[in-house]
Amino acid sequence: MVQSSNTAGAKAPDFHIDPEAYDRMYAESINDPAAFWGEHGKRLDWIKPYTRVKNTSFAYDDVSIKWFEDGTLNVAANCVDRHLATRGDQTAIIWEPDSPEDEALHITYKELHSQVSKMANVLKSMGVGKGDRVVIYLPMIPEAAYSMLACARIGAIHSIVFAGFSPDALGARVNGCDAKVVITADHAPRGGRATKLKDNVNQALLHDVDDVKCLVVKRTGGQIAWRDGLDFWWHEEAEKVSAECPPEEMNAEDPLFILYTSGSTGQPKGVVHTSGGYLTYAAMTHEYIFDYHEGDIYWCTADVGWVTGHSYIVYGPLANGATTVMFEGVPTYPDAGRFWQVCEKHKVTQFYTAPTAIRALMGKGTGPVEGSDLSSLRILGSVGEPINPEAWNWYNDNVGKGKCPIVDTWWQTETGGILITPLPGVTKPKPGSATKPFFGVEPVILDDQGNELSGATEGVLCIKDSWPGQMRTVWGDHARFVSTYFEMFKGYYFTGDGCRRDEDADYWITGRVDDVINVSGHRMGTAEVESALVAHATVSEAAVVGYPHDIKGQGIYCYVTLMDGVEPTDELRTELATWVRTEIGPIAKPDVIQWAPGLPKTRSGKIMRRILRKIAENDYDSLGDTSTLADPSVVDDLITNRTALA
Ligand code: ATP
Ligand code: MG
């Protein structure tokens, strides 16, 4: 076993996997997936053990994915009950509130068990049963985890909607799955400001779905409008029910949740994940990729409103009996040192965040990081977008102090868990590369005609065979599932992402296939140009898209956010264009650079290039689905400045 070079307090544990184990286990997982997963499925407690492990087909006319199909289990029992005997008094969830002035909570597995059971009984009393849908519209508070696990306990299917989404987006999702109950809070404090969640729910439910019941968590005690007979306070209902609720016996293939994708490329898709395969995959990836050990304090900064929060705040860590941190706030409140203060305060060992957060904090300089003791950290993670080498190096040097392996984890809402990633103790770091496939994952790179390319190459990323965490269908629209993921390249799962494989067989995500730019016949991923821009000392963030160009076919249009305090001048514009030209080559020289004080992002922090493409094309009338935008005013601002530019 390889010894960690970490010098934090106690001796760091050995890594779970070493290079020899990786090669052996990877080969086993590809050569005989049924045997491999049959073994690893045993990490869960099954009520009735499975005898059939894998029954999957990617054939276009017969797409069907089933794992452990004759086994039964309960996901909540696996995340809570089975830990009671050995770790009932261990902290399951550390809750860090929005304001550092408020007290953090430490919730033990015993308390988690009683809260989840009560919530399950309350949901039952509101008429929710096996197979019914429950929408969860909550801030990052422990009740979000209770709600998810309470649904799982009684076999109800949850669909979480970001607390930052508008009443319209919420209404569409409540309607979309015909939810019986919405779980929400009075107000949601975030970054020192409160969103009136319950009012949003009222507005969302006003029209077509006005008989939907609502369970309301009192978070702030703020003013809300009440619907008599339909609204119930969680704290009042909890008093009336027992703290025991027998977990429902569920089939491995019963749906656990519906979750909409981020909407970066178009209309969000209602992704359906099931129980046995999903939990096996979430738990195993969590343990190996974050090198999780007994006693670790693991923190993923995502929101439970996106898939990272599902798999790597709640289901994976809790299935492993871990201590998981839930953070209600934002990285910059009350100041840009908050993440690091929380790491120090709770002695966090694994820290998992998104490139967008790293870039934002990078823009604030190293002062805020230096203010905190980060010696407890052992592993750092990144997810959501390609992480440009500049941000990777900043993260490595200033947060990891050069001692923490960084796992750049590539995956999607659809994949349920991480598919391509470095493994601590195994992988040689390469800033910007997601490196190697996880066990059971067979990535392939195809050309536009669907031919598999070998060796060092670049093309479309597809996956050759199923893995247990894969989505099973689009809610209520199996045809859309088949046409989105299996039609374009027959026999493969199509990821929608472009990818390069280098001489060491390491994978580099180059951006969305839709985002590839073709300049005078040269194909270019947007990530490359963006990385070059961000590598300039004055640039904090950049987004690049193609636009119609008379001579070149497509020109390169760059939106650039400057570091705090940098003056946007014409000289700087010329300097940046020359810089990209020298960094990548003459073909990559930007045609237009527009200063962008903000970029349009999804609520999970991803840049929506499809909107930027429309602005670059001077086409403002068909911006497409904007319901998942974090801040719509950013778009108006960019349009105004685009006009000034033209
Ligand atoms: P939609 O599918 O609705 O357009 P989305 O793809 O943004 O939205 P998610 O499932 O949240 O929804 O995001 C998955 C995508 O995020 C991946 O397909 C990839 O483009 C990007 N991504 C995630 N992690 C990484 C990573 N480590 N490196 C590069 N890209 C990543
Ligand atoms: Mg996607």
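For Ile93, the residues whose amide H sits under 5 Å from its own are Ile107, Thr324, ignoring neighbours fewer than 5 places away on the same chain, with H placed 1.01 Å from N. Averaged per residue, region 38-500 has 32 square angstrom of accessible surface, using a 1.4 angstrom probe with ligands and nucleic acids left out.
Leaving ligands, DNA and RNA out of it, report the carbon-plus-sulfur percent of the accessible area of region 240-293 at a 1.4 Å probe.
Solvent-exposed carbon and sulfur of region 240-293 make up 46 percent of the total.
Under the combined filter of DSSP loop state and at most 13 neighbouring Cβ atoms within 10 Å, region 211-251 retains these GluC sites (Glu not before Pro): Glu244. Note that region 520-641 shows a convex hull volume over its alpha carbon atoms of 113 Å³ per residue. Measuring with a 1.4 angstrom probe and ignoring ligands and nucleic acids, Met126 comes out at about 10 Å² accessible. In loop segments of region 559-633 as defined by DSSP, the GluC sites (Glu not before Pro) with at most 15 further C-beta atoms inside 10 Å of their C-beta are Glu617.
Could you list, in their original order, any pairs among Lys347/Lys428; Lys48/Lys464; Lys364/Lys589; Lys347/Lys401 whose Cα atoms are separated by more than 19 Å? Listed pairs above 19 Å: Lys347/Lys428; Lys48/Lys464; Lys364/Lys589. Of all beta bridges that DSSP places with both ends in the chain, some 60 percent have antiparallel geometry. Compared with the rule-of-thumb size 2.2 N^0.38 Å for a compact globular protein, region 442-496 has a Cα radius of gyration ratio of 1.19. Estimated at the nearest 10 Å², the accessible area of Thr582 is 110 Å² with a 1.4 Å probe.
The alpha-carbon of Lys124 sits under 23 angstrom from the alpha-carbons of these lysines, leaving out residues fewer than 8 places away in its chain: Lys110, Lys180, Lys198, Lys213, Lys218, Lys240. Thr643 contributes an accessible area of around 80 Å² to the protein surface, as traced by a 1.4 Å probe with all chains present.
Which loop-located trypsin sites (Lys or Arg not before Pro) does region 123-163 contain, where loop means any DSSP state but H, G, I, E or B and the Cβ has at most 14 other Cβ atoms within 10 Å? Taking region 123-163 and a limit of 14 other Cβ atoms within 10 Å, the loop trypsin sites (Lys or Arg not before Pro) found are Lys130.
Would you mind telling me the share, in percent, of accessible area of region 123-189 contributed by carbon and sulfur at probe 1.4 angstrom? The partial results should precede the final answer.
Numbers: 620 of 1350 Å².
Exposed carbon and sulfur together represent 46 percent of the surface.
Here region 398-499 has 51 percent of its accessible surface on carbon and sulfur atoms, given a 1.4 Å probe and all protein chains in place.
Relative contact order for region 472-574: what percent, with Cα pairs under 8 Å and sequence separation of 6 or more?
Numbers: 134 pairs, mean separation 15.9, N = 103.
Once normalised by length, the contact order is 15 percent.
Database remark: amide H of Ile593 closer than 5 angstrom to the amide H of Cys558 (H placed geometrically; neighbours at sequence offset of 5 or more, or on other chains; Pro and chain starts carry no H). Under 16 Å of direct C-alpha separation, and excluding same-chain neighbours fewer than eight residues apart, Lys601 reaches these aspartates and glutamates: Asp303, Glu385, Asp515, Glu530, Glu541, Asp625, Asp631, Asp636, Asp637. Close amide H contacts of Arg133 (hydrogens built in the peptide plane, cut-off under 5 Å, sequence separation of 5 or more or a different chain): Ile157, Lys180. For the chain, the pair-distance distribution built from all alpha carbon pairs, in bins 20 Å wide starting at 0, is 19, 55, 25, 1 percent. Averaged per residue, region 520-641 has 43 square angstrom of accessible surface, using a 1.4 angstrom probe with ligands and nucleic acids left out.
The values are calculated or read from the model by the stated rules, or taken from the named source; none is laboratory data. Everything numeric in this text was worked out from a predicted model, so none of it was measured. Every residue, glycine among them, receives a Cβ derived from its backbone with ideal geometry; neighbour counts consider all protein chains shown. Just the protein is used for accessible areas: all its heavy atoms, side chains included, with ligands, DNA and RNA removed. Shrake-Rupley method; radii C 1.70, N 1.55, O 1.52, S 1.80 Å.
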